[in-house]
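Undergrad: Pasting a structure here, questions to come.
The values are calculated or read from the model by the stated rules, or taken from the named source; none is laboratory data. As the structure is a prediction and not an experimental result, all values here were calculated from the model. All Cβ positions, glycine included, derive from the backbone under ideal geometry; neighbour counts span all protein chains shown.
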Amino acid sequence: MPTITPHYRSVRELLQSKFFAIDDFQREYKWEKENIDELLTDLRDKFLSSYQPDHLTSDVSAYEDYFLGSIIVSKRNAKNYLVDGQQRVTSLTLLLIYLHNAVKATDDLLTSSLKPLIFSNDNGVPKFNLDIPERLSVIKSLFSGQEFSPDGKDESVQTIYARYEDIQNKELADELGDALPSFCYWLMNKVGLIEIATDNDNYAYTIFETMNDRGKPLSPVDMLKASLLAPIEDSDQRRNANQIWKKQVLDLITWGGDHEPERDSACIKAWLRAQHAETSRERKAGATDKDWELIGSTFHRWVRDNDTHLTLGTQSANLEFITTHFTFFAKAYQLVLNASRIYTKGLEAVFYNAHNAFTWQSTVLLASLCVTDDDATVRRKIAVTATYLDIWLMRRVVNYIRVGYSSTAYAMFVLCRDIRRKPLHELVAILNDKLANDDATFDGSPSRGRIGIMGLGLNQFSRRYIYHLLARLTAYTEAGGGEHNLFDKYIDRSHSNPLDIEHIWPSRYSDYSNEFESEQEFQYWRNHVAGLLLLPADVNRSLQDKPFTYKNSVYVSQNWYAASLNMNTYQHKPQFKAFCESKSLPFKPYEDFGKKQQQERRELVLALAKQVWSPNRLEEAAS
């Protein structure tokens, strides 16, 4: 008789010095950004419900536990094969790598506790605990902090890399601050799963099928539907409302041709937060969750507990909530999803924010909508609000202000509350006023430690945003010169020859030692945004450390933002020259490119940024 053993395992017990593999026929790692955000938010909130600033790390032993669900493991050939649970185990490993990298420079003891959960000594052979050969390259690079390109790799590798970026952008370490060590120990020792282990593959898959096919617990979406249908006494109306609900849910989870069972839940959270959250948790340790947080974790209970506020509880009110409100906001949510994935005329800003991985976009874009808005008004409101987010976001990243999920949660709650159900003209006025009073600008504010464009350089935080910024400046320049706006093509890294960041200066300090006192100063200048371009990868590789005069002869045949460095562009591209003059843009060609020339180019980048992200775009989006 095969052995079947269920055990509760803490994260430490589950992962320490153990190795997990998967069978070749297992599906890819599929978690999306929303799944990671939800996991991290739930973990953070559960931890903070117990944590107090005067606690020691040893106090976490008395904190509440957090249950992550179950995994099914088949043990054979001295290996643990994950039959069910690879999504959670992989995501947990990525979180542990992030935490390890966050503390390794400051806490040797904690680092030594985290490391065996990721990387172990297997009888003298170093080995990652997630022992899946095709994924080891990305796991190793993330763990060691090495550069890694997911381009051209398989789906799981690309998804792992993207989700690790999402974890970084959530800025959990910064948010927790002094509480970070306690959180790490709590995660290792107080967060756990049920490990169901068997030494027989057939039993393992039978257990998996049974757990997934029978007795599945109702999802929060199912429970919300049940509570909304309960007061509807008329059987025909209840049946009709049920069919409408099921159709909206099916449309959501199958949107875009793929199947994502959490998309209905994400839509409902975005809708309820945008339209109904009146309160948010105070930003201090030990504070209790309010509307904004409760909707994010248990929206079905929140609706039940706030039926008076939502004017629910009667047959007519609940029918309207299902047949009018849910259908309206589900349709609007899908419009946002579509514009996030496809570069859509009039809704380009939605695509820009999605490329910048701004998690709160779908929520905020629903806030100003009214169920009485026609389709044209919905599109205009979404366009205006997305344009505001685009400007607001880019103003912050050029000043190195964090824009991750946690860092911006309260600001987005306030924004939703301020623009909720506003008519279009009032929405534009509110958002214009917010931009006018914004203390983050492209000019920066040195007195407040904000550097703006003039101090923006390439580093680990800024790389993704500089890539985005250069793509926008390039697309704007090309469109101004009469070409098509190819932003979506510029940022597409799925083809074999994507655009890469090109340094105008070769990485040879000796060539510029007469202008800089040290190599450190030279590298700081070399990485400034005004010294960077976007070029096809093969062109970028061919240039390498060639001198500027050689590079400039190649730039002239590339995009116009790069070609603007060469005199021939101004002689043979009259439309480009007219564009520069009409917009008063200080484009200039150069025979040489040193410190003085880069300073001039900084002025150009600043002028372009102010036009690309001009508040005037709000009025344009509304028209």
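Undergrad: I'd like to verify a number: residues in the stretch 254-284 that are within 22 Å of the chain's Cα centre (by Cα), part of a helix (DSSP H, G or I) and buried (at least 17 other Cβ atoms within 10 Å of the Cβ), how many?
TA: The number of residues fulfilling the criteria is 13.
Undergrad: Here is a check on your reading of the model: is residue 129 at pLDDT below 85, at positive phi and in the same structural domain as residue 104 (by TED's automatic domain parsing)? Working first, answer last.
TA: On the way: at pLDDT below 85: yes; at positive phi: no; in the same structural domain as residue 104 (by TED's automatic domain parsing): yes.
It is false that residue 129 is at pLDDT below 85, at positive phi and in the same structural domain as residue 104 (by TED's automatic domain parsing).
Undergrad: Do we have residue 558 as in a helix (DSSP H, G or I) and surrounded by 14 or more Cβ atoms within 10 Å (Cβ to Cβ) here? So that I can check it myself, show each step before the final result.
TA: Numbers: in a helix (DSSP H, G or I): no; surrounded by 14 or more Cβ atoms within 10 Å (Cβ to Cβ): yes.
Spelling it out, it is not the case that residue 558 is in a helix (DSSP H, G or I) and surrounded by 14 or more Cβ atoms within 10 Å (Cβ to Cβ).
Undergrad: Quick check on my filter: what residues within the stretch 339-380 are farther than 23 Å from residue 485 by Cβ and in a helix (DSSP H, G or I)? Can you show your working first?
TA: Filtering the stretch 339-380 down to residues farther than 23 Å from residue 485 by Cβ leaves 359-360, 362-364, 366-375, 377-378.
Matches in the stretch 339-380: 362, 363, 364, 366, 367, 375, 377, 378.
Undergrad: Identify the single condition in (1) in a helix (DSSP H, G or I); (2) of a type outside the set (Ser, Thr, Tyr); (3) touching a strand residue (DSSP E or B) at 6+ places or on another chain (Cβ under 6 Å) that residue 109 does not satisfy, given that it satisfies every other one.
TA: In the conditions (1) in a helix (DSSP H, G or I); (2) of a type outside the set (Ser, Thr, Tyr); (3) touching a strand residue (DSSP E or B) at 6+ places or on another chain (Cβ under 6 Å), residue 109 misses (3) alone.
Undergrad: Filter the stretch 14-44 down to the residues that are of a type outside the set (A, V, I, L, M), surrounded by 16 or more Cβ atoms within 10 Å (Cβ to Cβ) and not in a loop (DSSP other than H, G, I, E, B) and list them by number.
TA: The answer is 20, 33, 34, 35, 37, 38, 41, 44.
Undergrad: Would you be able to say whether some residue in the stretch 59-69 is part of a strand (DSSP E or B), of a type in the set (Gly, Ala, Ser) and closer than 14 Å to residue 39 by Cβ? Quick ask: steps written out before the conclusion?
TA: Residues of the stretch 59-69 that are part of a strand (DSSP E or B), as a first pass: 66-69.
Imposing the further condition that a residue be of a type in the set (Gly, Ala, Ser) reduces the set to 69.
Right, trim to closer than 14 Å to residue 39 by Cβ and you get 69.
So far as the stretch 59-69 goes, yes, one or more of its residues are part of a strand (DSSP E or B), of a type in the set (Gly, Ala, Ser) and closer than 14 Å to residue 39 by Cβ.
Undergrad: Being farther than 17 Å from residue 161 by Cα, in contact (Cβ under 8 Å) with a residue 12 or more places away in the chain and not hydroxyl-bearing (Ser, Thr, Tyr) narrows it down to one of 104, 127, so name that one.
TA: Values: 104 fails: in contact (Cβ under 8 Å) with a residue 12 or more places away in the chain.
Matching residue, one of 104, 127: 127.
Undergrad: Mind checking which helices (runs of 4 or more DSSP H) fall wholly inside the stretch 415-496 and carry at least 1 residues that are touching a Leu at 6+ places or on another chain (Cβ under 8 Å), among the acidic types (Asp, Glu) and touching a residue at least 40 places away in the same chain (Cβ under 8 Å)? Explain how you work it out, then say what you get.
TA: Numbers: elements: 424-436, 463-480, 487-490.
The qualifying helices (runs of 4 or more DSSP H) are 463-480.
Undergrad: Residue 546 fails exactly one of the following numbered conditions: (1) touching a strand residue (DSSP E or B) at 6+ places or on another chain (Cβ under 7 Å); (2) touching a residue at least 40 places away in the same chain (Cβ under 8 Å); (3) charged (D, E, K, R). What is the number of that condition?
TA: All conditions pass for residue 546, except number (1).
Undergrad: A further question on this structure: Quick check on my filter: what residues within the stretch 452-496 are acidic (Asp, Glu) and under 30 Å from residue 155 (Cα atoms)? It would help to see each step written out before you state the result.
TA: To start, the set of residues in the stretch 452-496 that are acidic (Asp, Glu) comprises 478, 483, 488, 492.
Matches in the stretch 452-496: 488, 492.
Undergrad: Turning to a different aspect of this structure: Which count do you get for residues in the stretch 367-418 that are basic (Lys, Arg) and over 18 Å from the mean Cα position of the chain (by Cα)?
TA: Residues of the stretch 367-418 that are basic (Lys, Arg), as a first pass: 379-381, 395-396, 402, 417.
From the residues that got through so far, the ones that are over 18 Å from the mean Cα position of the chain (by Cα) too are 379-381, 417.
The number of residues fulfilling the criteria is 4.
Undergrad: Before we move on, is residue 402 basic (Lys, Arg) and without any contact (Cβ under 8 Å) to a residue 60 or more places away in the chain? Even if it seems obvious, please write down each step before you answer.
TA: Working: basic (Lys, Arg): yes; without any contact (Cβ under 8 Å) to a residue 60 or more places away in the chain: no.
No.
Undergrad: Across the stretch 193-234, which residue is modelled with the highest pLDDT among those that are in a helix (DSSP H, G or I) and among the β-branched types (Val, Ile, Thr)? Please lay out each step first, then the result.
TA: Kept after step one, since they are in a helix (DSSP H, G or I), are these residues of the stretch 193-234: 201-213, 220-229.
Next cut, among the β-branched types (Val, Ile, Thr) only: 206-207, 210, 221.
Numbers: 206: 62, 207: 55, 210: 54, 221: 91.
So, considering only residues that are in a helix (DSSP H, G or I) and among the β-branched types (Val, Ile, Thr), the one modelled with the highest pLDDT is 221.
Undergrad: Assigned to a helix (DSSP H, G or I), modelled with pLDDT under 85 and outside the structural domain of residue 498 (by TED's automatic domain parsing): is that true of residue 189 in this structure? Let's see the steps before the verdict.
TA: On the way: assigned to a helix (DSSP H, G or I): yes; modelled with pLDDT under 85: no; outside the structural domain of residue 498 (by TED's automatic domain parsing): yes.
In short, no.
Undergrad: How many residues does the stretch 137-160 contain that are surrounded by fewer than 20 Cβ atoms within 10 Å (Cβ to Cβ), under 18 Å from the mean Cα position of the chain (by Cα) and of a type in the set (Ser, Thr, Tyr)?
TA: The total comes to 1.
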